[in-house]
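Below: one structure, written as structure tokens.
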Amino acid sequence: MNLHEYQAKEILRAQGVNIPPGRVATTPAEAEAIAKEYGVPVMVKAQVHAGGRGKAGGVKFCKTPAEAKEKATAILGMKIKELTVEQVLVTVAADIGSEAYVGIIVDRATKKPVFMVSAAGGIDIEEVAASTPEKILYVPVDVRYGLPTYDAMRMGFFLYSDVTLARGAAKIMQQLYAAFMASGCSLAEINPLVVTPAGELVAVDGKMVIDDNELDRRPEIAALRDERSEEPSEVDARHANLTFIKLDGNVGCVVNGAGLAMATMDLVKYYGGEPANFLDIGGSSNPEKVVNALRIITADPNVKAILFNIFGGITRTDDVANGIVTATKANPLKVPIVIRLTGTNEEIAMQILTNNGFTASSDMDTAVQQAVALAKGGK
Amino acid sequence: MSVFIDKHTKLVVQGITGRDGSFHAKQMMEYGTQVVAGVTPGKGGQRFEGTVPIFNTVADAVQATGANTSVIYVPPPFAADAIMEAAASGVSLVVCITEGVPVLDMTKVYPFVKERGVRLIGPNCPGLITPGESKVGIIPGRICTPGPVGVVSRSGTLTYEVVYQLTRAGIGQTTCVGIGGDPINGTNFIDCLAAFEKDPATKAIAMMGEIGGTDEQEAAEFIRTQMKKPVVGFIAGQTAPPGRRMGHAGAIISGSSGTAQEKLEAFAAAGMGVAKRPIDFVELMKARL
């Protein structure tokens, strides 16, 4: 789950990181009031889950409260990478002397959180990483000991030769690390970390990505989810405990397991079709999940055929068959359905389907080819 | 011969009285796995299915029954502790089926397990099976048959698909291992490839990867430099849009690293067979056996 910039900044501020004051606004009048309250100049920044906000015109510098109102009028409601801007952060603009990058991710290779810091921060940090990797220092952290001061200082001195700044940066690393662990992050970054002409360290932008597996035990973080910034069908699917991603094709896919779901999409494409979605009904299935899956898929007008590909292990195929029967009795399908299932309780499942007028096969390639043909209007 | 488990494997099931644990404990027993103990705190002294003794702790179970392997079916908030409990109890292999373990938990668990010299498979994995001898986890037994192919995969159901296709074509398996799709897991492709390379019964290996990360590229490099046995590979997610998480935490494409294309090129450069579809494993394997 992604947090908005203003949410990440609140968390960092609570850890003691120096963040320019500001607040989020949903109307131009509010933006103007915030600019008056905190004093100009301010930045008005679109709060959407998309990179490249600045390049899209979603981040503006404003010298007066009136200008903040004007810019907020332009930004609120604009679309950045398909996402409508519903709120803007209005925050005091910092004087920028230098810009550094500080980030932590969970690294698959070392199996640890790893700090990445660079004195060449700002919007082009990915370019820096690709073309001049020596400008980035990587520091893995053993979570059993936390971030030792000497490692934090090593990073501080990598960024700044001045000992006061290095100490200040080291403290920010400790605070960022604390926020990262306390919020259950898979990524947290401050970019840019600014040194003002007065020699003050300020975190001007912040980003946090939360590990979805942490949300059950961190209700205060889960409550930060902004469903307005997500695809409605994906929100619906999440509420039904399904993993769903909408795509542009016309073959609606219902599969158990992420790997098989991806392989099924690949096979649809291999046989000349286009998948309408990725949908994983997960392990321990129950008929209700299948009912929800069918509801979400059939709500997409692009879907011209539905393909079930179920390989029962922990998923019982009879649960899936019961779900298909229940769902289609309540809401008869308007598009053809192709069912492939095999594995746990397959005989019972086949019996349930046959008794209710469905046919099912046990071969994946045959089923995918059929679904692709049906989606193209064949039979 | 086989890798990691065989007919001598003595298994303790953590979470044996839960919904998934009890269902799969029965399935494993029916398959012939020696399920010697179960663990559910507070139910010590009872018996599962009237036969398998239940203990309050893994240490008690190991001491009383000589279990050498543990399989974990406990819910995600307790999984990390269950793994550490197993690793501290004296078993040499821990298989964690649980899906949804927070990755920061795994950053603590991984060094704990490593320092004790214990092998962890998973979490978020289907476990493993040595056809005809033992199954630990949830891989359906009837889709497997003994034979010469070692199978290793990051996915669960995709593993079943490929194994099913191989079995239907009369190609059996030494051991099938699902290593799990999480960003931090106990056993990686290279660990399994190295074990299969040493196993005299394994003549060829089928390897199923996914988009995201660089594990497959590193495995390809290992195959190129360290292996004599033929390997056939597949990558799921060739049509996945970049930057989207597809269920598995592992299946994330970030930036230009971890794409299907990059992985398939690494496979080809390592001289591996490359399966475009799951069914292609059949012909590619036949040509290598």
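When both region A:355-379 and region A:322-344 are represented by their alpha-carbon centers, they are found 12 Å apart.
Based on the convex hull around the alpha carbon atoms, chain A presents an average projected area of 21.8 nm². For B:Arg168 and B:Asp280, the FRET efficiency from 1/(1 + (r/R0)^6), where r spans their Cβ atoms and R0 equals 22 Å, is about 0.95. For a modelled paramagnetic label at A:Ala198, 7 Å from Cα along Cα-to-Cβ, the residues of region A:85-103 in reach, with backbone nitrogen under 16 Å, are A:92-98. Legend: residues in region A:314-362 shielded by at least 40 square angstrom of accessible surface upon adding the remaining protein chains to the isolated chain (1.4 Å probe, heavy atoms) are A:Ile314, A:Arg316.
Note on chain A: with charges restricted to the Cβ of Lys and Arg (+1) and Asp and Glu (-1), its dipole about the Cα centre is near 280 debye. For region B:10-121, what relative contact order do you get, as a whole percent, if you take Cα pairs closer than 8 Å and at least 6 residues apart? Averaging sequence separation for qualifying contacts and normalising by length gives 23 percent for region B:10-121.
Amide H contacts for B:Val118 (H built 1.01 Å from N in the peptide plane; partners 5 or more residues away or on another chain; cut-off under 5 Å): none found. Towards the positive end of the charge dipole of the protein assembly as shown, with charges on Cβ (+1 Lys, Arg; -1 Asp, Glu), say which of B:Gly32, A:Thr317, B:Ile16 has the farthest Cα. Of the listed residues, the answer is B:Gly32.
Average accessible surface for the protein assembly as shown: 39 Å² per residue, computed with a 1.4 Å probe over protein heavy atoms with every protein chain in place.
Of the solvent-accessible surface of chain A, computed with a 1.4 Å probe and all protein chains present, 53% belongs to carbon and sulfur. A Gaussian network model of chain A, with springs between Cα atoms under 10 Å, assigns the largest mean-square fluctuation among A:Phe61, A:Phe308, A:Phe358 to A:Phe358.
Under 5 Å from the amide H of B:Ser70 lie the amide H atoms of B:Val12, B:Leu93, B:Val94, B:Val95, each residue being 5 or more positions distant or on a separate chain, with H modelled from the backbone and absent for Pro and chain starts. Measuring spread by the Cα atoms of region A:261-347 yields a radius of gyration and Dmax of 12.6, 34 Å. Between A:Ile281, A:Gly252, A:Gln351, the Cα set farthest toward the positive side of the dipole of the protein assembly as shown (charges on each charged residue's Cβ, about the Cα centre) is that of A:Gln351. Once backbone amide H atoms are built at 1.01 Å from N, A:Ile210 has A:Asn2, A:Leu3, A:Ser186 as its partners under 5 Å, excluding neighbours fewer than 5 places away on the same chain. Take each residue of peptide B:141-147, count the partner chain Cβ atoms within 10 Å of its Cβ, and average: the result is 1.
Its Cα centre serving as origin, the protein assembly as shown has a Cβ charge dipole (Lys and Arg +1, Asp and Glu -1) of approximately 780 debye.
Take each residue of peptide A:103-109, count the partner chain Cβ atoms within 10 Å of its Cβ, and average: the result is 5.
Between A:Ala130 and A:Ala109, the modelled labels are 1.8 nm apart [label points 7 Å from Cα along Cα→Cβ]. As an equivalent ellipsoid, the protein assembly as shown spans semi-axes of 45, 31, 24 angstrom, where each value is the square root of five times an eigenvalue of the C-alpha gyration tensor, largest first.
Ligands, DNA and RNA left out, the accessible area of region B:10-121 computed with a 1.4 Å probe is 50% carbon and sulfur. Farthest towards the positive end of the charge dipole of chain A, among the residues A:Gly97, A:Ser131, A:Ala74, is the Cα of A:Ala74, using unit charges on the Cβ of Lys, Arg, Asp and Glu.
The values are calculated or read from the model by the stated rules, or taken from the named source; none is laboratory data. Owing to the predicted nature of the structure, the values given are computational and were not obtained by experimental measurement. Note that we place each Cβ from the backbone using ideal geometry, even for glycine, and neighbour counts take in every protein chain shown. What goes into the accessible areas is simple: the full protein's heavy atoms, side chains included, and nothing from ligands, DNA or RNA. Shrake-Rupley method; radii C 1.70, N 1.55, O 1.52, S 1.80 Å.
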